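Scroll down for the structure; my scribbles are underneath it.
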Amino acid sequence: MGQTISQKIIQAHLISGSMEAGSEISIRIDQTLTQDSTGTMAYLQFEAIDIPKVKTKLSVAYIDHNMLQSGFENADDHKYIQTVAAKHGIRFSKPGNGVCHQVHIERFGVPGDTLLGSDSHTPTCGGIGMLAIGAGGLDVAVAMGGGPYYLSMPKMTQVILKGKLAPWATAKDIILEVLRVMTVKGGVGKIVEYAGDGIAYLSVPERATITNMGAELGATTSIFPSDEVTLAFLEAQGRASDYVPLAADSDAVYDEVIDIDLSTLSPMVAKPHMPDNVVKVSEIEGLTVDQVCIGSCTNSSLMDMLKVAALLKGKTVHTDVSLVIAPGSKQVFNMLANCGALADMIAAGARILECSCGPCIGMGQSPRTDAVSLRTNNRNFYARSGTASANVYLVSPEVATLAAIEGKVINPIKCGQPPVITMPDSFMINDNLVILPPDDSSDVEVVRGPNIKPFPINTKLSDSVSGKVLVVLEDNITTDHIMPSNAKLLPYRSNVPYLADYCLTPSDPEFPKRAKDNNGGFIIGGANYGQGSSREHAALAPLQLGVKAVITKSFARIHMANLINNGILPLTFADTADYDRISLLDEFIIENAQAQIRSATQGNDVIVVNKTQGYSFRTNCPISERQAAILVAGGLLNYTKTIG
């Protein structure tokens, strides 16, 4: 039997385990990336592991999430990251060099290699045939130290793209269609591979748009073949030597196959407040628009920006619309300036932002009260923009630009022929904002500002785990709900005690106080709990507040791993009807917790007693023996010390 693309890469990097879906495996990691939102914690954890130099082929630390320096906190954290990178052999991408995923696919990604990043959109590099996976900071820290990355062997989903896109249909519309079909929960435990004759018509930037937003499916990662299109992109980046052809075998077997006829796709939109709330743009035509944001790690490539500039040329942004544009990298920004496209944007009335994540994570450009904001980024979760009453719609750059000009959503199909942009034969290459670590770092001093506080470390699992129900939450709670990461809070990313006072406040403003008053306890959640960002703070803040277990209908992959790494029990209801029986402040107890967690590896239930209501209910804890040992030890750092 033949192999899929992912199976080939996994087999070449396999350290332990059997490549059977659902079995725990470990793989060797070639490259890592971090960004400043999650990177401070990853490097604090790397220092705690006490390994002098990274052992990967390449590790890069990016500054791209928060460059707003209204106080000392961000500048201090950036200095910490720069000095810790120099100390431990990590390349440092300075503020202004660009968004990690855009820069990485341009300058560092290698087909057939593995990449682990402390950002959920790391799968962007799947656009060049790289096995790129988002993870929590501690997993990335371990990988930087040469340790394997553990995961459940994913199932394989193949999306066959047939034919060619019609005018005005885009790569954004392809991934929105996939989200419509699969939903934000549909990719959990899966790798999504793209195939079919239609991929030949998709450039690497277009492929990267699709793999980037594969994160919204909950997928482990998404990947395209490495083919002639990949080679052309790498040649244009001056990196032809990195090219490796890679494709699935003709007799590869997939667990699921989805067919999409590209010729039938029309412009799509994800309506508030979820990326899978997808309809045709024609269904919201005429909607008045207040704000348009173009950029982030999705749709910020040179190709996207040139299309935007072509549509804006000679036009003026509507009187009632604020249009902001963030190029994805310094390379993109430079080339826009060089060819005159930047001048066309400015002349039309666009506001040009730094090469950063910016509005996508609520880092500036929060819309007005009750605004309609069209955005080309990847997430439109409730309140993520920084304005809870705003309605954020996800669209292609073309639809966004036309709305900025007209002041309302229009169906671009009525607008004649779209601009035709081809990928350049060569990109402008200037890596002068990537700082290489010194050969001898013995004299490098790691600089820590006063805002950097020790992160919480759990204790060994007690044999009796008890506490009250601190909150009962609905389905699809995101990491933005659990640990907001907006402009006001992101400067405190290295200060978990401060952040903990805001944990889950978008869902329940009283949660932090209730947790403190009751010395911690249990969180109850619905389906797909913890979807969204890879931010480990969504586990660290509950740990700081004494949370002992999270019981849900189901978990998102990265968040469950982060809970395990921090010694918080991740339990799921064996019967989801039990979710409806639970009330706030019910007192729970798990007796013989250590034995029950170890027994869970054999598929046995973990019994939770509701002392308040006088009944017990069954939960599952689908973990490996290694994960059980981590939970018993009180987290991955404690476990590492016991085996090291």
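What follows draws every value from the coordinates through simple rules; no lab data is involved. Everything quoted here is computed from the prediction, not taken from an experiment. No Cβ is skipped: glycine too gets one built from the backbone with ideal geometry, and neighbour counts run over all protein chains shown.
Among the GluC sites (Glu not before Pro) in region 493-602, which ones are in a DSSP loop with at most 15 other Cβ atoms within 10 Å of the Cβ? Mind listing them?
Answer by residue number: E510, E591.
Counting DSSP beta bridges in the chain, what percent are antiparallel, to the nearest 5?
So the antiparallel bridges amount to about 35 percent of the total.
In what order do F511, F46 fall by count of nearby beta-carbon atoms within 10 Å, going from fewest to most?
The most exposed by this proxy come first: F511, F46.
Please list 3J(HN,Hα) in residue order for region 348-359, calculated via the Karplus relation 6.51 cos²θ - 1.76 cosθ + 1.60 where θ = phi - 60°; whole Hz, with x for glycine and proline.
In residue order, the calculated couplings are 6, x, 6, 9, 9, 9, 5, 6, 7, 5, x, x Hz.
Taking the Cα atoms of the chain, what is the range of coordinates along each of the three principal axes, in descending order and whole Å?
70, 57, 54
If you plug each phi of region 520-526 into the Karplus form 6.51 cos²θ - 1.76 cosθ + 1.60 with θ = phi - 60°, what whole-Hz ³J(HN,Hα) values come out, in order, with x for Gly and Pro?
x, x, 10, 9, 10, x, x
Could you tell me whether region 7-84 comes out rounded, prolate or oblate from its Cα gyration tensor? Rule is a ≥ b ≥ c as square roots of the eigenvalues, rounded for a/c under 1.5, then prolate if a/b exceeds b/c, otherwise oblate.
Prolate.
Please compute the modelled spin-label separation between K453 and V181, points set 7 Å along Cα→Cβ, answer in nm with one decimal.
Between V181 and K453, the label points sit 4.7 nm apart.
Quick one: in region 5-264, what % of C-alpha pairs are over 33 Å apart?
19 percent
Where a ≥ b ≥ c are the square roots of the eigenvalues of the C-alpha gyration tensor, would you call region 500-627 rounded, which needs a/c under 1.5, or, failing that, prolate if a/b is larger than b/c, or oblate?
Judged from the Cα gyration tensor, region 500-627 comes out oblate (a/c at least 1.5, b/c at or above a/b).
If I take every Cα pair under 8 Å that is 6 or more residues apart in region 276-342, average their sequence separation and divide by the length, what percent do I get for the relative contact order?
About 41 percent, as a whole number.
Report the relative contact order of the chain, percent, no decimals, based on alpha-carbon pairs under 8 angstrom and at least 6 residues apart.
Here the relative contact order equals 14 percent.
Most exposed first by the Cβ proxy, i.e. fewest other Cβ within 10 Å, how do H101, H65 rank?
In increasing order of surrounding Cβ atoms, one gets H65, H101.
Could you line up S485, S16 from fewest to most neighbouring Cβ atoms inside 10 Å?
The fewest-first ordering by Cβ neighbours comes to S16, S485.
Could you name the lysines in cross-link range of K280, using Cα to Cα under 24 Å and dropping any fewer than eight places away on the same chain?
K162, K164, K172, K185, K271, K307, K408, K414
Would you mind calculating the gained length between V257 and Y201 on full extension (0.36 nm times residue separation, minus the Cα-Cα distance), in nm to one decimal?
Result: 18.1 nm gained on full extension.
Under 18 Å from the Cα of K53, which lysines turn up, not counting those fewer than eight places away in the same chain?
K87
Specify whether the C-alpha gyration tensor of region 268-413 places it in the rounded, prolate or oblate class, a ≥ b ≥ c being the square roots of the eigenvalues: rounded for a/c under 1.5, otherwise prolate if a/b is larger than b/c and oblate if not.
Verdict is prolate for region 268-413.
Determine the dipole magnitude for the chain: charges of +1 sit on the beta-carbon of Lys and Arg, -1 on that of Asp and Glu, nothing else is charged, the reference point is the Cα centre, and the result goes in debye to the nearest 20.
800 debye
Calculate the dipole size of region 465-643 relative to its Cα centre from +1 charges on Lys and Arg beta carbons and -1 charges on Asp and Glu beta carbons; express the result in debye to the nearest 20.
The dipole magnitude comes to about 500 debye.
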